[in-house]
Amino acid sequence: MCVDVNECSEGLAPAACATCLNLEGSFDCECSSGYLQNDDNTDCIDINECDENNGGCEQICLNSPGSMKCACHSGYSLRSNTSSTCSDINECAPNDGQGPCDHFCENLDGSFQCHCIGGYNLQESGLECLDVNECDSIAECEQACVNSPGSYKCRCFNGYQNINGSCVDVDECLASPCDQNVISTCSNSIGGFSCLCPPGFILTNHTVCTDIDECAASAADHGCSQLCVNNPGSYTCGCHAGYTKVGDKGCIDLNECSTNSPCQHDCQN
């Protein structure tokens with residue numbers, strides 16, 4: 001004997017059945033919203049709402065079992081959770097209108113564009129701005145070029161000054177840079193100068209004339225037979241007591257007995 005199976009109570013009906021009616025040898029399925037009955041009314045087939053008029057969505061329609069939802073392209077957002085229309089996202093609104101950009105942000109329909117101030121280039125990321133080193137490219141400086149953020153400046157080498165955009169040699173000798181304590185000489189040159197000291201002095205620190213201590217050298221150098229006395233820029237020779245000077249550098253014994261003898265009777269030199 002065959003007994004009818006109640007598909008509805010046995011859980012054999014599809015989950016999409018909103019209402020299941022058992023029949024002799026079969027069952028009848030009434031489908032939930034978003035589904036259509038198949039030919040023998042025993043199953044539910046999803047309706048693709050996006051096939052008709054894009055589901056009423058302005059941009060993107062996403063079908064799902066028994067339903068659908070609207071979405072927007074990148075750069076747009078739904079006006080509300082239940083809306084089918086999209087509005088532009090202003091990516092530049094954050095950061096006081098700067099958005100994700102280093103410098104300036106321009107909002108576009110569904111997108112945005114970053115811009116840099118003068119002297120900077122927009123990088124491949126489309127967000128960062130990198131300083132342009134004008135000294136490597138467009139700068140036309142006569143002598144030195146100094147790059148700075150977003151700009152550059154032309155400079156003159158030491159010993160030159162900028163006059164109406166041109167680097168002109170400075171005559172440093174007009175300021176008397178050489179040692180004024182002695183009779184020194186200043187010689188101007190292109191981009192610099194040099195000092196010349198008088199005899200008996202040596203140039204130190206580029207501008208100072210320092211006395212040469214001739215007496216510090218050996219007797220063979222200064223030539224004094226006994227004493228050597230250093231003077232600024234020169235030296236003199238002297239003799240020990242009991243000697244008298246001969247010429248500029250020599251000394252001979254002084255015969256005290258021959259003149260003005262200090263002895264009462266005999267004097268021996």
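The values are calculated or read from the model by the stated rules, or taken from the named source; none is laboratory data. Predicted, not measured: the structure shown is a model, and the values here were computed from it. Please note: Cβ atoms are built from the backbone with ideal geometry, for glycine as well, and neighbour counts cover all protein chains shown.
Quick one: in the range 206-255, which of the residues that are surrounded by 14 or more Cβ atoms within 10 Å (Cβ to Cβ) and charged (D, E, K, R) is farthest from C173 (Cα to Cα)? Checking each candidate, the answer is K245. If you go through the range 169-208 and pick out every residue that is of a type in the set (F, W, Y) and either assigned to a loop (DSSP other than H, G, I, E, B) or within 20 Å of N158 (Cα to Cα) (or both), you end up with 1.
Annotation: of all residues in the range 224-262 being in a loop (DSSP other than H, G, I, E, B) and acidic (D, E), the one that is modelled with the lowest pLDDT is E256. Taken together, the residues in the range 10-40 that are in contact with a strand residue (DSSP E or B) (Cβ under 9 Å, 6 or more places away or on another chain), part of a strand (DSSP E or B) and farther than 24 Å from M68 by Cα amount to 5.
Figure legend. Inter-residue proximity from the range 178-200: first residues in contact (Cβ under 8 Å) with a residue 60 or more places away in the chain, second residues of a type outside the set (S, T, N, Q), beta-carbon distance below 9 Å, spacing 6+ or different chains. No pairs are indicated. If the condition is being more than 17 Å from the chain's Cα centre (by Cα) and modelled with pLDDT of 95 or more, then the range 126-143 contributes G126, L127. From the list C209, C228, the lone residue that is of a type in the set (A, V, I, L, M, F, W, C), in contact with a His (Cβ under 6 Å, 6 or more places away or on another chain) and free of Cβ contacts under 8 Å to residues at least 60 places away in the same chain is C228.
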